[in-house]
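So the structure is just underneath, and the comments pick up after that.
The values are calculated or read from the model by the stated rules, or taken from the named source; none is laboratory data. Only a predicted model underlies this, so the values are computations on that prediction, with no experimental measurement involved. Please note: Cβ atoms are built from the backbone with ideal geometry, for glycine as well, and neighbour counts cover all protein chains shown. Side chains are part of the model used for accessible areas, which takes the heavy atoms of the whole protein and leaves out ligands, DNA and RNA. Shrake-Rupley method; radii C 1.70, N 1.55, O 1.52, S 1.80 Å.
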Amino acid sequence: MTDADVVIVGNGPIGATLSVLLAQRGWRVTVLERRPRPYRLPRATSFDGETARLLAAAATGPDLSRITAPASGYQWRTAAGEVLLDIAFTTSGPYGWPDANTMHQPALEELIAARATSLPGVTVLRGHEVVGITDSDRLVDVLVTDADGATRSFSARWVVGCDGANSFVRHHLDVAVTDLGFSYEWLLCDIELREPREFVPTNVQICDPARPTTQVGSGPGRRRWEFMRLPGESTAELNRDETAWRLLAPFGVNPDTATLLRSTTYIFQARWAEQWRVGHVLLAGDAAHLMPPFAGQGMCSGIRDVVNLAWKLDLTLRGSAAESLLDSYTEERRAQVREAILSSVQLGRVICVTDPAAAAERDATVLANRRGRPATRPDPAKPLSGGLLHRRPGAKVAEPPAGAVVPQGRVTRNGLTGLFDDVVGRGFVLLTTEEPRAALDEGRLAFLAGLDTHVVRLLTPGEAPEHGVVDVDDVYRPYLAQFAATCLLVRPDYHVFGAAHGPNGARDLVDDLRNQLRATAPAGVPLRTA
């Protein structure tokens, strides 16, 4: 027997979230963290509505609103204050949460840590630095040194490296990394306001060639300013408290109005690992990818990684799928991350302009194109383009909505009204407008039960509520109608596996999921059912 089912290297928000997601499914998890105590300074400052939904799956949902403040919008402005880009956020986004949520990262980590502490399957060992990994057919041995310099080893069936940008696990695997070579140095200033103050919109990017500047919310009572290092300016000159206060002064921020929590320079990067799985060792979060901050997707991408990975590890560990299912983790997430990085780089190339003539040309072009246009809404969550998705026989690509993130509204069931995930539950979901037992035989229902699937009927107005759920916010019926579908099979990470029409379509959906999971299984090994 191994010491743990899964060893996670790194106990930042990504590793900690993965530990909770796995322990909630009943697995033994050991988290090895080299730092002797939690890092008390913020790095990320916000997460989007999709990520809020994912974090809620780690049982932090009820407390998220306590440590976050919804952002009102995001603007890019010229040096003269003209609006180049205007995105309006709402507190009731398509995934059941505000479009954008600002936060103090240590507070979020405390929430996740409290949940981890409440789960008997999680063991967190601080001051333990991983120095070696040996992967065999049956288990992985992880060698660590503790704070006293003593060495010991831990065995597990799987190891996940969530150990950040300078990941030991990634270096150990020696995987290829694609680096776009796009990087700039910025001064980061975190401040705590002495008195409440409203900033509208919450997040602003000042595209001033004299000094590109970012200002964003970072949770209740806190904000962050970032100032780009200019050509010819030294890091030492920029990285001083005196410089920070001088740059903050035009925004009404000074020692009388705020406390400077931190002032430091950092260099962002744009890169991703080409392999996220080697044998029984996987990568997630900054260990697998790094991106510029301009789209606010760094931590969000890491959370998406581990939510995708957790349910696949679960199926693999309990024998409902073979190890090769985990190859879809790299396929799905690398493609999404690559797109996010390329988008962030594109934004950065627009923002990080210090030549006045080039900036003037940029401003004139953008202003001419957007003149008279109202504020836009954020783009929906990015769909999956490949991986474990339903495809029609003979089709090479999945048809929408397969791969999309299913929206979330309120439903009522047995007198309880709330967000769908809270009322129905998390995991696989088969949502149908028809009676499930009229479409699916006992074998198919047993297969779904073996995956802990929530089989839910969407009621029509006037039907008895004990027979299904009422679509309170009118989210699900219009969504199904958009694709001429009567049923929807949703994965535990909220990506749609596929949609279909009628009983035959429902049977095809279930059979395709079973066949795809079976296809990952070794020859002669039956797929486990209930």
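Residues in segment 23-41: is at least one within 15 Å of Val142 (Cα to Cα), surrounded by fewer than 24 Cβ atoms within 10 Å (Cβ to Cβ) and at pLDDT below 95?
no
Just to be sure, is Ala107 free of Cβ contacts under 8 Å to residues at least 12 places away in the same chain, in a helix (DSSP H, G or I) and under 26 Å from the mean Cα position of the chain (by Cα)?
no
Give me the residue from segment 489-498 that is in contact with a Gly (Cβ under 8 Å, 6 or more places away or on another chain) and among the hydrophobic types (A, V, I, L, M, F, W, C) and, out of that set, nearest to Arg514 (Cα to Cα).
This residue is Leu489.
List every residue pair whose Cβ atoms sit under 9 Å apart, with the two residues 6 or more apart in sequence or on different chains, where the first one lies in segment 400-411 and is polar (S, T, N, Q) and the second, anywhere, is assigned to a strand (DSSP E or B).
Listed by first residue and then by second, the contacts come to Gln408/Leu419.
Would you call Thr78 under 17 Å from the mean Cα position of the chain (by Cα) and open to solvent by less than 30 Å² (accessible area, probe 1.4 Å)? Give the derivation first.
Numbers: under 17 Å from the mean Cα position of the chain (by Cα): no; open to solvent by less than 30 Å² (accessible area, probe 1.4 Å): yes.
No.
If we keep just the residues of segment 181-226 that are surrounded by fewer than 16 Cβ atoms within 10 Å (Cβ to Cβ) and of a type in the set (A, V, I, L, M, F, W, C), which is farthest from the chain's Cα centre (by Cα)?
Ala210
I'd like the full set of residues that are in a loop (DSSP other than H, G, I, E, B) and of a type in the set (A, V, I, L, M, F, W, C), limited to segment 40-79.
Leu41, Ala44, Ala71, Ala79
Can you tell me which residue in segment 394-416 is least open to solvent (accessible area, probe 1.4 Å), limited to those that are out of contact with any strand residue (DSSP E or B) (no Cβ under 8 Å at 6 or more places or on another chain) and over 14 Å from Leu488 (Cβ atoms)?
Within segment 394-416, the match that is least open to solvent (accessible area, probe 1.4 Å) is Ala395.
Going through Thr123, Thr102 one at a time, which residue ends up being of a type in the set (Ser, Thr, Tyr), in contact with a Gly (Cβ under 9 Å, 6 or more places away or on another chain) and in a strand (DSSP E or B)?
Thr102
So which residues in segment 263-289 are open to solvent by 10 Å² or more (accessible area, probe 1.4 Å), small (Gly, Ala, Ser) and assigned to a strand (DSSP E or B), if there are any at all?
Correct list: Ser263 only.
Any idea which residue in segment 457-490 is nearest to Ala404 (Cα to Cα), counting only those that are surrounded by fewer than 21 Cβ atoms within 10 Å (Cβ to Cβ) and of a type in the set (D, E, K, R)?
Looking at the filtered set, the residue picked out is Arg477.
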